[in-house]
Every structure is written in structure tokens, then in C-alpha cells.
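Encoded as C-alpha cells, the structure appears first; notes follow it.
The values are calculated or read from the model by the stated rules, or taken from the named source; none is laboratory data. If you're wondering where the values come from, they're calculated on a predicted model, not measured in any experiment. Please note: Cβ atoms are built from the backbone with ideal geometry, for glycine as well, and neighbour counts cover all protein chains shown.
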Amino acid sequence: MIQSDNSKRAAGADEARVLRSYYSDPAPIGDGIIATLKGKSWGRAVNLICYFTDEKTGANFSISVFRSRKDGESYCADDQNVDFSEPNIVGKSFKLDIQKSPRAKFPKLTAAKVSLK
């Protein structure tokens with residue numbers, strides 16, 4: 001399952017429901033996870049939900065990124081390397097660092113960069 005229109009910042013509401021149901025595996029915790037971005041949808045808070053497939057395990061998981069405090073426009077991991085709200089990035093592979101959040105029950109994306117495999 002992949003987002004149908006890569007030129008948009010995020011999928012529409014109907015497609016987002018399908019993406020949420022398909023990408024329901026727990027997010028892996030660790031550094032250097034190579035995963036392909038399969039879609040994006042807007043969350044209820046000021047967040048963008050990114051849907052990934054782990055290239056090693058095949059797990060389909062989602063993780064939220066939040067609006068940057070630096071510029072108030074981009075949606076990035078803590079390292080600010082990749083703006084996941086940009087169009088035309090669905091289908092690319094990324095090297096992700098995902099940690100357990102100390103304050104929330106959901107994992108936190110701490111670093112992301114385009115993977116050259």
C-alpha cells in the first residue's frame with residue numbers, strides 16, 4: 001500500500017483511513033533503521049503521520065513528526081534534516097533513529113536522513 005498522489009503534502013481523509021489500518025505494526029526502536037516512506041497523512045494535533053515499511057523486517061509502522069519549533073512550518077525529526085511535509089518524497093528510503101519517548105507512550109523520531117542504501 002502506497003500513497004496514490006506523491007505530489008501532495010499528505011493523503012486525503014479516505015486514503016488516510018486505509019493507510020492507518022494497514023500500517024499498524026509497532027514502530028521499531030533503535031538507530032539506523034532503514035525504512036521506505038509509503039505515505040503521509042495529517043494527524044489531529046499539529047502532527048504529520050508518516051507510514052513506513054522497515055526494509056529489514058517488512059514491518060509496516062507509522063510514526064508522527066511535529067511542526068518545527070524553529071520555523072513553524074516544517075515537519076521534522078529532532079535533527080531537522082528532512083521535512084516530511086515536502087511533496088514527492090513518498091517512495092524514498094530513510095535511515096531513521098527512533099527512541100522511546102520519555103514523556104509519551106508513542107515512540108519519537110529523533111533523526112532521519114535519506115538513505116543511499
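Would you check which residues across the range 20-33 are free of Cβ contacts under 8 Å to residues at least 60 places away in the same chain, over 13 Å from P107 (Cβ atoms) and surrounded by fewer than 20 Cβ atoms within 10 Å (Cβ to Cβ) and list them?
Across the range 20-33, the qualifying residues are R20, S21, Y22, S24.
What is the residue count in the range 37-51 for residues that are surrounded by fewer than 17 Cβ atoms within 10 Å (Cβ to Cβ) and of a type in the set (V, I, T)?
Residues flagged as surrounded by fewer than 17 Cβ atoms within 10 Å (Cβ to Cβ) and of a type in the set (V, I, T) within the range 37-51 amount to 1.
Residues are listed down the side, and each one gets a yes or a no for (1) surrounded by fewer than 17 Cβ atoms within 10 Å (Cβ to Cβ); (2) modelled with pLDDT under 90; (3) aliphatic (A, V, I, L, M); (4) over 14 Å from K108 (Cβ atoms):
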{"site": "I2", "(1), (2), (3), (4)": "yes, yes, yes, yes"}
{"site": "A16", "(1), (2), (3), (4)": "no, yes, yes, yes"}
{"site": "A35", "(1), (2), (3), (4)": "no, no, yes, yes"}
{"site": "T53", "(1), (2), (3), (4)": "no, no, no, yes"}
{"site": "S68", "(1), (2), (3), (4)": "yes, yes, no, yes"}
{"site": "Y75", "(1), (2), (3), (4)": "no, no, no, no"}
{"site": "F94", "(1), (2), (3), (4)": "no, no, no, yes"}
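Can you name every residue in the range 58-86 that is polar (S, T, N, Q) and in a strand (DSSP E or B)?
N60, S62, S64
Among the listed residues D31, D5, D14, which satisfies the condition of being in a loop (DSSP other than H, G, I, E, B) and charged (D, E, K, R)?
D5
Out of all the residues in the range 55-66, which are within 19 Å of V18 (Cα to Cα) and surrounded by fewer than 16 Cβ atoms within 10 Å (Cβ to Cβ)?
G58 - this is the single residue of the range 55-66 that is within 19 Å of V18 (Cα to Cα) and surrounded by fewer than 16 Cβ atoms within 10 Å (Cβ to Cβ).
Can you tell me which residue is surrounded by the fewest Cβ atoms within 10 Å (Cβ to Cβ) among those in the range 96-117 that are polar (S, T, N, Q) and modelled with pLDDT under 90?
S101
Has the range 87-103 got any residue that is polar (S, T, N, Q), assigned to a strand (DSSP E or B) and under 25 Å from K8 (Cβ atoms)?
Scanning the range 87-103 turns up at least one residue that is polar (S, T, N, Q), assigned to a strand (DSSP E or B) and under 25 Å from K8 (Cβ atoms).
Being under 21 Å from Q3 (Cα atoms), among the polar types (S, T, N, Q) and in contact (Cβ under 8 Å) with a residue 60 or more places away in the chain is the requirement here; does N88 meet it?
For N88, the condition - under 21 Å from Q3 (Cα atoms), among the polar types (S, T, N, Q) and in contact (Cβ under 8 Å) with a residue 60 or more places away in the chain - is met.
In the range 72-84, how many residues are more than 14 Å from D97 (Cα to Cα) and touching an Asp or Glu at 6+ places or on another chain (Cβ under 9 Å)?
4
Identify all residues within the range 43-57 that are among the polar types (S, T, N, Q) and not in a strand (DSSP E or B); write none if there are none.
Of everything in the range 43-57, just one residue is among the polar types (S, T, N, Q) and not in a strand (DSSP E or B), namely T57.
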